[in-house]
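Report on the following structure.
Just so it is clear, none of the values below were taken in a lab; they were calculated from the coordinates. Remember, predicted model here, so these are calculated numbers, not experimental data. Please note: Cβ atoms are built from the backbone with ideal geometry, for glycine as well, and neighbour counts cover all protein chains shown.
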Amino acid sequence: MKKYILNIIVVLVVIFSFYSCESFLDTKPTNVVVSETAMRTLYDAGIAANGLYVDMKWYDYYGTYMQLMGDERGDNIQPRTMSSGWTQIYTLGYDSESNTYFNMWAKCYETIMRCNTLLENIDKLTLTSSADKAIRDDYKGQAYAVRALNYFDLARLYGYPYAKDNGASLGAVIITKVSSASEAKLPRSTVAKTYEQVFADLTAALPLLSKSKNTGHFNYWAAKLLQARAYLYKGDWNNAYNAAIEVIDYSPYSLVSNADYINYWKQEGASETLLELFVTTQSTIDDDGGYVSMCHNLWHGDVSAGASLIPTVSWVDLIKSEPGDVRAQFVRYDSKYEISKAWLAKFPGNNGTNFRLNNPRLLRLAEAYLIAAEGALKGTAGIAKASTYLNAIRKRANPSVSDVTATDDLIQIERRKEFIGEGHRFFDQMRLGKSITRKDSDGYNFAVSAGCPETLTWNNYQIVLPISHTERQIYPTLQQNPGYTE
């Protein structure tokens, strides 16, 4: 696999690339442009807005790593063998001095600087019609929302959970303007300050964004659901609930049915997806370095598949614990490898034709229901409301089950079932101060034998990623996370 080792110094310059993506606009050649002249027309601004999403597709962000940071560090997915399958993620075996491979820090800042450049230049356009101004505002809203997502991810990857110390740990470097490399060498802010930036960006984004469906882009509803997620991670239960139910009650999205659930994962722009990233053979994603990576390694049948990641025995047992759950159909045993090991067949590829090309689904309506359930239970809306939203997801998956009274354990179990492969489980347990246990006796678990503690809590310094040696050499003011070598 190609390893594009990026660093923040590369992206904090005034020259950067705007990319076009198929399905957004007509194909236009990629150009390298100076920020002051990048947007002469509204069409140019549209190209710039499309370019905000490009870097998020690659394997070193939402193409692979973000999902595995949530699932493989948790108890949902593991390597099939210890010789392959991103075992360093699985065992938390990253080393700040010798390994820069998991450097999502730079990938986020490359996207953040794209957002900053768009925001600094788009208001220089001369527009007269109200329709053109609405389009411009939507592009601005997208830039704010994309920047909010990247800062949120930096906080949860490189900072400790908010509830651990009320956001006092180190978070992101807050950069909201296009700056030269020398001007941008600021120290890291706290997680609390990083969350403040997330909420400020979303507050700016929401009144600008269109409420119409805009597959492949942020719209109002995707930004509102991201806001609900950020409130959930902060432990602001009432605001999480209110944001989530606004999406449920007023957005144009709807849960797919039980009968359509398996086929949903083949579909682009389906009724339940608020935000997905387009991945096609024409979207600058190649067969070795793009979103193909995780699905390439989850797949089990094709002779060219990597086939190195499998669901854990504990997840398989959980999903089979209630007969009739449609999600149990993701469990497959028809492998060219060990027949006794289950495989995860959740991601069959766009249109079910190419397992290598799956649109990453970043925000789904099912998440709004489970955020509403947790927010209601822990806030003032109450157990009855929590139970309503929890049971909606439970019974969509398995119409034969009876209603339950919501508890936090039941909500987290449902999140674990529903979001496997989507990158939530580890972050869910950590944000709540709960633990992740991966026993050697659990089927084919290798974590403990490889030197990882059997049980992980937020007191383990390795639950946050290190700032790489490469970054700190170039950027000496960048503080290292506690526990790692300075």
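A few points about this structure:
- Were the residues from residue 95 through residue 83 laid out at 0.36 nm apart, the gain over their Cα-Cα distance would be 2.5 nm.
- Legend: calculated FRET efficiency, residue 409 to residue 333, from the Cβ-Cβ distance at R0 = 30 Å, rounded to 0.05, equals 0.55.
- Which of 432, 344 has the fewest Cβ neighbours within 10 Å, and the rest in rising order: 432, 344
- Structural descriptor for the stretch 8-474: relative contact order 20 percent, calculated from alpha carbon pairs under 8 angstrom and at least 6 residues apart.
- Each stretch of four or more DSSP H residues adds -39500 (n - 2.57); spread over every residue of the chain, this sum gives -12000 deg cm²/dmol at 222 nm.
- For the stretch 348-452, Kirkwood radius (reciprocal of mean inverse C-alpha pair distance, Å): 15.8
- The stretch 70-208 - percent relative contact order, Cα under 8 Å, separation 6 or more: 23
- Spin-label model distance (nm) - residue 203 vs residue 477, 7 Å beyond Cα toward Cβ: 2.5
- Loop-located GluC sites (Glu not before Pro) in the stretch 108-199, at most 16 other Cβ atoms within 10 Å (DSSP): 183
- Sequence-distant aspartates and glutamates (8 or more away, or on other chains) whose Cα lies within less than 16 Å of residue 193: 153, 165, 201, 236
- The amide H of residue 274, built 1.01 Å from its N in the peptide plane, has 363, 364, 365 as neighbours under 5 Å, considering only residues 5 or more places off or on other chains.
- Scanning residues 5 or more positions from residue 96 or on other chains, those with amide H under 5 Å from its amide H are 485, with H placed 1.01 Å from N in the peptide plane.
- Among the listed pairs 133/213; 164/434; 57/439; 346/417, a Cα-Cα separation exceeding 22 Å is found for 57/439.
- What the phi angles of the stretch 267-272 give under the Karplus curve with 6.51, -1.76 and 1.60, with θ = phi - 60°, is a coupling list of 9, 9, x, 6, 5, 9 Hz, glycine and proline written as x.
- Cα point-scatterer Debye curve for the chain, base-10 log of I(q)/I(0) at q = 0.09, 0.12 Å⁻¹: -0.58, -1.09
- Taking the centroid of alpha carbons for each part, the stretch 240-271 and the stretch 119-197 are 27 Å apart.
- A straight line joining the Cα centroids of the stretch 409-486 and the stretch 199-231 runs 28 Å.
- For the chain, with +1 on Lys and Arg beta carbons and -1 on Asp and Glu, the positive-most of 239, 461, 219 along the dipole: 239
- When Rg and the Kirkwood radius Rh are both evaluated on Cα atoms of the stretch 197-242, their ratio Rg/Rh stands at 0.99.
- Multiplying the residue separation of residue 137 and residue 449 by 0.36 nm and removing their Cα-Cα distance gives an extension gain of 107.0 nm.
- Dipole size of the chain about its Cα centre, with +1 on Lys/Arg Cβ and -1 on Asp/Glu Cβ: approximately 280 debye, rounded to the nearest 20.
- Close amide-amide hydrogen proximity is noted between residue 78 and 310, 312, each under 5 Å apart and 5 or more residues distant or on a separate chain (H modeled in the peptide plane; Pro and chain starts excluded).
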